[in-house]
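Data first, discussion second: the structure below is written as C-alpha cells.
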Amino acid sequence: MAPIADAATVDLAVGAARSAFRESGWRERRAADRATVLLEMGRRLDAAAPDLARLLAAEMGKPVRLSLDRELRGAADKFRYYAGAARTLDGQVTGASPAHILDITVPNPVGVCALIIPWNDPVDLAVRKLGAALAAGCTVIIKPSEETPASTEALMRLFDDLPGLPPGVVNLVHGPGEPTGRLLVEHGQVDKVSFTGSTGTGKQIMRSAAGTLKRISLECGGKAPSLVFEDCYFEKAVDALTWGAFLYGGQSCTAATRIIVQRPLYERFVEALVERAATLPTGDPLDERTLIGPLVSQRQVDRVSAFLESVGEDGGTFLTGGTIDGLHVAPTIVSGLSPTSRVATQEVFGPVVCVFAADDEDEAVEIANGVRFGLGASVWTSDVTRALRVTRRLEAGDIWVNTHYVRQSETAFGGWKESGLGRELGISGMQEYLSHKRVAFDVLPDFHLKTWWEAGAKNSEEERG
C-alpha cells in the first residue's frame, strides 16, 4: 500500500513544482533541449518495459503481453512523439497591422499541472499527460490511482538522475481522491488539472476547479456503440468486436459495450459473437498465453456483479457468461434489454456487452446516441458512402470504421457530451498545456491616441475658422 499524501505533503510537491517553474529555467529552454529529455525517457522506458510489464500484470491484472506490447511500448513511443512535437511550437504574427505595429501571439506553458491517473492504463495514460506537459514547458505533480500505485511509481522512478531535467519539474504524490486528489485540485498554486477517470469524479473536479478558474482537461466515461450493417466484412467484424468487447477485461473507456446489428444479420452475427467469445484464452495475467485476465480488484468485481444482477431485473438474457470466479468475470453477452436499461446506459467497466437489433440506419444511430456518453464508437460496413453518412451523425469524439482499438500518438483523442473536455495525444494534446500571450510593438516615436486626438482637434479648429 502506498502512503497517502496529506495537505502538508501536497504543499511540498506543489511548492517544488512552482519553484521549478519560476526558477529552474525549464520553461525558457529551447524546445530541442526539452526534447532531449523526453527522448531519453522513451529510451529508458523501452529498456525497463519487460520488468514493468510483469509488475503491471501482477498489480492491475492486464495480461503481460498486452502490458508490454500495447501499453508500455506505446507509452515509450509517446515520449518520442512529444519530443518531436515540442519543436513544432510556434506563434503567430498578423499581417493585417499597419507598418509601424508588430502584433504577435506567443505560446507559453500554462504552469504547474496536476495530472491524475487512472488504474486501467497506469503507465500509458500517465505518459500521455506527462509527455505533452513537459514538451510545453510545464512542471507537474502526478497522482496515480490508489489501485495501481506501484506501476505509475515505477515509471516515475525512471526520471531519477535524468540528464537535463531540473529538480522539481516532475513530482509524485500518492493517495485516493479524498483527500489527495481534492487537495491538488483545490490548491491555489496549481494552474491546470488533467484527469482521466469516471464522469462523476470529472464533474466533481470541474466544481472544485471553478473556485480558482483552473484550466482543466477531462477524459471521462464511455459507452461505445458499434453499428454493424448487413454489408459488413463479417468475419473481421466478429473478430474485432469480440476483442473490442472483452480485451482488457472490458476495463477500457472505449470497449465495445453496445453492439447494434442491422436486423437481417442480427441472429447470425450474435451467434458467431457468442461462439468467438468462448475461444478467448483467459487465465493468469503473468502467463503469456493469456489474453483475458482478472479485474483489477474486488471492488471492481463487486461493481460489475451489481450490474449483472440487474440484467434479469431489467428483462435481459445472458447468451453467454454472467459468472464470476474470484477476480475473473466471464465474457458476457446480454440480449433482450431496453437501450435505456442500466447495463445499456451506464459504464460497467467489465467484460459485459449488450446486443441490439436495428431495422435501419436511423434506428441504429438513435440507439447509439441515446446515452449521455460520447467517447468512442465504430461503424461496420463495406459501403464508404454509408460510413461517411453514419460517422457524421454519431455523437462521439473518436470513431473507427471497420476496426477497433486503433490509437496513434499523432492523432487527438477525447470525448463529446459527458465523456469529457479537451484532448490528449497529437498536437491538440500539447495545446492543452499552453496559454497564449498577445504582444504588440509600436515603433513610432509618438503615442497613436494622442496623435489622433490632436489631429482631430486641429481639424475642428480649421473647420470653425
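Scanning the range 130-156 for residues that are in contact with a strand residue (DSSP E or B) (Cβ under 9 Å, 6 or more places away or on another chain) and either open to solvent by 30 Å² or more (accessible area, probe 1.4 Å) or assigned to a helix (DSSP H, G or I) (or both) yields 130, 132, 133, 134, 136, 152, 153, 155, 156.
When 372, 407 are checked against the criterion of being basic (Lys, Arg), under 30 Å from residue 336 (Cβ atoms) and touching a strand residue (DSSP E or B) at 6+ places or on another chain (Cβ under 8 Å), 372 stands alone in meeting it. Is at least one residue of the range 72-93 within 25 Å of residue 248 (Cβ to Cβ) and hydroxyl-bearing (Ser, Thr, Tyr)? Within the range 72-93, one or more residues are within 25 Å of residue 248 (Cβ to Cβ) and hydroxyl-bearing (Ser, Thr, Tyr).
Count of the range 169-196 residues, restricted to those that are part of a loop (DSSP other than H, G, I, E, B) and surrounded by 22 or more Cβ atoms within 10 Å (Cβ to Cβ), is 6.
Exactly one of these conditions fails for residue 29: (1) in contact with a strand residue (DSSP E or B) (Cβ under 9 Å, 6 or more places away or on another chain); (2) open to solvent by 30 Å² or more (accessible area, probe 1.4 Å). Give me its number. Looking at each condition in turn, residue 29 falls short on (1). Of everything listed in (1) in a loop (DSSP other than H, G, I, E, B); (2) touching a helix residue (DSSP H, G or I) at 6+ places or on another chain (Cβ under 6 Å), the single unmet condition for residue 99 is (2). Of the listed requirements (1) touching a residue at least 60 places away in the same chain (Cβ under 8 Å); (2) open to solvent by less than 40 Å² (accessible area, probe 1.4 Å), residue 83 misses just one: (1).
Would you check if residue 385 is more than 20 Å from residue 242 (Cβ to Cβ), among the β-branched types (Val, Ile, Thr), open to solvent by 60 Å² or more (accessible area, probe 1.4 Å) and part of a loop (DSSP other than H, G, I, E, B)? Working first, answer last.
Values: more than 20 Å from residue 242 (Cβ to Cβ): yes; among the β-branched types (Val, Ile, Thr): yes; open to solvent by 60 Å² or more (accessible area, probe 1.4 Å): yes; part of a loop (DSSP other than H, G, I, E, B): no.
Judged against the criteria, residue 385 is not a match.
For the residues 296, 334, the requirement of being under 25 Å from the mean Cα position of the chain (by Cα), surrounded by 18 or more Cβ atoms within 10 Å (Cβ to Cβ) and not charged (D, E, K, R) singles out 296. Note on the range 248-264: residues that are open to solvent by 10 Å² or more (accessible area, probe 1.4 Å) and in a helix (DSSP H, G or I) total 3.
Whenever a residue of the range 1-19 is free of Cβ contacts under 8 Å to residues at least 24 places away in the same chain, it has no partner that is open to solvent by 80 Å² or more (accessible area, probe 1.4 Å) and outside any helix (DSSP H, G or I) lying with C-beta atoms less than 6 angstrom away and at least six residues away or across chains.
Scanning the range 217-240 for residues that are within 20 Å of residue 384 (Cβ to Cβ) and either among the hydrophobic types (A, V, I, L, M, F, W, C) or surrounded by fewer than 24 Cβ atoms within 10 Å (Cβ to Cβ) (or both) gives 227, 228, 229, 230, 231, 232, 233, 234, 235, 236, 237, 240. Residues being touching a residue at least 12 places away in the same chain (Cβ under 8 Å) and either among the β-branched types (Val, Ile, Thr) or open to solvent by 60 Å² or more (accessible area, probe 1.4 Å) (or both): count how many of those fall in the range 305-326. Looking only at that region, the number is 6.
The values are calculated or read from the model by the stated rules, or taken from the named source; none is laboratory data. Just so you know, these numbers come straight off a predicted model, no measurement behind them. Ideal geometry is used to build each Cβ from the backbone, glycine not excepted, and the neighbour counts take in all protein chains shown. These accessible areas exclude ligands, DNA and RNA; they are computed on the full protein's heavy atoms, side chains included. Shrake-Rupley method; radii C 1.70, N 1.55, O 1.52, S 1.80 Å.
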